[in-house]
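These notes are about the structure you will find just below.
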Amino acid sequence: MLEIANVEVVYNEVILVLRGLSIEVPDGQIVALLGSNGAGKTTTARAVTGLLDVHEGKITKGSITWNGEDIAGSNPSAIVRGGISQVMEGRRIFAELTVDENLGTGAFTNRSKESENYTRVMDLFPRLQERRNQTAGLLSGGEQQMLAIARALMAEPELLILDEPSLGLAPKLVEQVRDTIVGINEQGTSVLLIEQNAVMALSIANYGYIMETGKVVMDGDGQKLLADDDVKEFYLGLHSDGGEKKSFKEVKHYKRRKRWAS
């Protein structure tokens, strides 16, 4: 289990981004972390995977534990070896390498099972099997996202962190990504799904957290959040009657708005 408890993160010793964040990812579950740009979602992923230093950030308060072990500030390679892999926003594949060469880089911490994991990801992504010798930069956006996920799975993680996997994809490809995440989870891998596409994320999440300005403002069962009037009105932009909300000024239920903003 991943446990983030009361974590604060500061960039450049000045900018406070996470403000006492607490979330959990139980073993074998899909947990959605939702929020708009600037809410602190990517910073959360960096804090877990040891990449804050690269961006002049550091954890100034709280703890991050993985299977009972404190990993806050650990080396990123050690975190991967410990069972956590991340797919970064924007895919970040090696564009000049082939599909197979990209997958090989993902196996650097787990060479003993490289062949076994290669077979697994090719079963998950048959499209990559067809493109295995193609230069990765020539793949479509959807294929590049498949490759980024497959590369992360080559390390055989217990927890997979996905940062905006549906970003920039057509609706049909978003459905494919969603189904792939479900398939990965069914094989026993826990998933922390960081998304702006709340409908997609909550439709498959066991549990969800909604972030604003570096802290959780609402959390609960994924399906219940998806059906919650507060979430529809203030996060999905819908009134309870299904109509589109144009602005906060048009909100009819002041008490609910006040509770959400508090």
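Read the figures in this text as sums done on the coordinates, not as results from a lab. These numbers come from a predicted model, not from an experiment. Heads up, the Cβs are rebuilt from the backbone with ideal geometry, glycines too, and the neighbour counts pull from every protein chain shown.
Values computed for the structure shown
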{"read-out": "Hits in region 197-209 - residues which are in a helix (DSSP H, G or I), of a type in the set (S, T, N, Q) and under 12 Å from the mean Cα position of the chain (by Cα)", "value": "none"}
{"read-out": "Selection status of residue 169, touching a residue at least 24 places away in the same chain (Cβ under 8 Å) and in a helix (DSSP H, G or I)", "value": "no"}
{"read-out": "Which listed residue, of 212, 143, is acidic (Asp, Glu), over 14 Å from the mean Cα position of the chain (by Cα) and within 20 Å of residue 34 (Cβ to Cβ)", "value": "212"}
{"read-out": "Matching residues, region 210-220, being closer than 14 Å to residue 43 by Cβ and assigned to a strand (DSSP E or B)", "value": "211, 212, 215, 216"}
